[in-house]
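First comes the structure, then the notes that go with it.
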Amino acid sequence: MDKFDVVIIGAGPGGSALAYDLKAQNLNMAIVEENLWGGTCPNRGCDPKKVLISALDAKRQAEHLVGKGIQKAPKIEWADLMKFEKTFTDPVSSGTKKGLEDADISVIDGSVKFKDAHTIQVGDKQVKADKFVIATGARPGILEIDGKEHFKTSTDFLKMPTMPKSVTFVGGGYIAFEFAAIASAAGAEVHIVHHNDRPLKAFPAADVKRLISQLEANGVQFHYGVDVSRIEKNEQGYELVSAQGFSLQTDQVFCTAGRVPNDDTLALDQAGVTFSKRGVQVNDHLQTTTENIFALGDVVDKKQPKLTPVSGFEAQYLAQEFAGDQTAIAYPAIPTVVYGEPRLAMVGLKAADVKEKADQFEIKDLDLTGWFTYRRLNEPLAHATVITSKKTGAVVGASLMSSEADDLINYFAMAINGQLTPENLKQTIFAYPTAASDLSYLI
Ligand SMILES: Cc1cc2nc3c(=O)[nH]c(=O)nc-3n(C[C@H](O)[C@H](O)[C@H](O)COP(=O)(O)OP(=O)(O)OC[C@H]3O[C@@H](n4cnc5c(N)ncnc54)[C@H](O)[C@@H]3O)c2cc1C
Ligand SMILES: NC(=O)c1ccc[n+]([C@@H]2O[C@H](COP(=O)([O-])OP(=O)(O)OC[C@H]3O[C@@H](n4cnc5c(N)ncnc54)[C@H](O)[C@@H]3O)[C@@H](O)[C@H]2O)c1
């Protein structure tokens, strides 16, 4: 039987990063993966999605400049775009596995089940370790309704050989908004069906309203307050039905109503680890209810957003914890972005968090469409909400909407985490004209 100091279960961005960090501490390491090495983000998440966003950007930015130096907006060729996307995803799994092997980390293919707190079963092999780290991420959730077998997932969307004439997303979160923007730019009729009237709930309501108007202007149709109860396959495609009489005919239907942590497949009860539908329970040292078993990333039950850099931050934290640092984990302000045209990005406090505290915080609400940075692109929607502390002058929160928002939000994250004031910012000379050179007018 193989025996290691640490075995990591799941080779996504979190698990793989931790494997390298622990190997650098000279630990005898193994990492187990049941599917594609590299995990969700580079194989079926962030990276292939952002490749598709590149075509969306090119099309929409050209459209905005028609009559202003551009003659005709380009058309997206879906099959070519998919081929381009595959050049990114195809090498990921073998490359990730080889990188780990080259670093002298033992790699094991297979699906893990716990036997006890110090032993796992992988296929016909038992593996022992002093410590385990559960880094198994999450999978697309499927609503428990009649005809649920007709649902496609985000993974299917990112491999779709042709763009159907019409596509429907059930659940209006990050994935639906991003994929709706891509599919409508690629020429599909797009529907988002949402069970209440507040999609993208984590983002400020006023921003979401602006984003919805923009998507609607591009032809996306929203259906609110609809609980889809049945999907029926028919000759034309699929019919979505609700008990209240809603009916929608579509060529393809995607379940985008949230992701499910991969904690129910590991026989965690054999090891005494407490878990739920929200994820594995951990303390503020990322330690589970069993002393020698830790967890990180999307599989963890936490209030922080489940994002790649958050998994990476937790991997970095656990490496320090295993090296003997006893400090509890403290998350910095975490930026998050909904990619589309425009992007919607947010970090730190929201206007709604401080609206009762007008004496302590100043809120700037700025329409940026007339600012040089955005007017040169003729962007129809560019907006910023910036919150500063009246006491210190430091920025404490921002939400941004524009084609530049995904990059610009990182400056706000640095400003918030560094407690920077407008005076501090004046010490930096930013290249001009860039989105960052607007910072002194925003903060
Ligand atoms: C469509 C989409 C777009 C996204 N876009 C973004 C984005 O733009 N920015 C961003 O920050 N985040 C994005 N995310 C989220 C991001 O992908 C995740 O937060 C990130 O991948 C989490 O990393 P992780 O290492 O915790 O888990 P994962 O990347 O999910 O890796 C977990 C690994 O564990 C393996 N595993 C599971 N069970 C077992 C088992 N029993 N035995 C062995 N191995 C197992 C899985 O196969 C997987 O490889 C997106 C997600 C999706 C689905
Ligand atoms: N840009 C990014 O960083 C990015 C992009 C994609 C995914 N992700 C990650 O993946 C996660 C999952 O994304 P997601 O979009 O699947 O989920 P989500 O949690 O962002 O959104 C799901 C939405 O579906 C709604 N919903 C739930 N049940 C429903 C029902 N029965 N009918 C209709 N609507 C319903 C919810 O109210 C919610 O608004 C994200 O939370 C995020 O952690 C991040």
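A few comments on the model shown:
- Subset of region 254-274 that is assigned to a loop (DSSP other than H, G, I, E, B) and small (Gly, Ala, Ser) - its residue that is surrounded by the most Cβ atoms within 10 Å (Cβ to Cβ): ALA257
- Scope region 8-19; condition under 16 Å from GLU321 (Cβ atoms) and either away from ligand 2 (no atom under 16 Å from the Cβ) or acidic (Asp, Glu) (or both); matching residues: ILE8, GLY15, ALA17, LEU18, ALA19
- Entry remark, region 9-35: residues being assigned to a loop (DSSP other than H, G, I, E, B) and more than 6 Å from ligand 1 (Cβ to nearest atom) number 5 in total.
- Evaluation of ALA129 against the conditions (1) crowded, with 19+ Cβ neighbours inside 10 Å; (2) small (Gly, Ala, Ser); (3) more than 29 Å from GLN320 (Cβ to Cβ) shows that the sole unmet condition is (3).
- Just one of the listed residues (GLY171, GLY95, GLY137, GLY123) is more than 16 Å from ligand 2 (Cβ to nearest atom) and at positive phi, and it is GLY123.
- Those strands (runs of 3 or more DSSP E) lying entirely in region 129-194 with at least 3 residues among the β-branched types (Val, Ile, Thr): 166-170, 189-193
- Only strands (runs of 3 or more DSSP E) whose full extent lies in region 296-404 are considered here, and the ones with at least 2 residues that are surrounded by fewer than 16 Cβ atoms within 10 Å (Cβ to Cβ) are 361-367.
- Residue in region 343-353 that is modelled with pLDDT under 95 and hydrophobic (A, V, I, L, M, F, W, C) present: yes
The values are calculated or read from the model by the stated rules, or taken from the named source; none is laboratory data. Please read these numbers as outputs of a predicted model, since none were measured by experiment. Cβ: placed from backbone, ideal geometry, glycine included. Neighbour counts: every protein chain shown.
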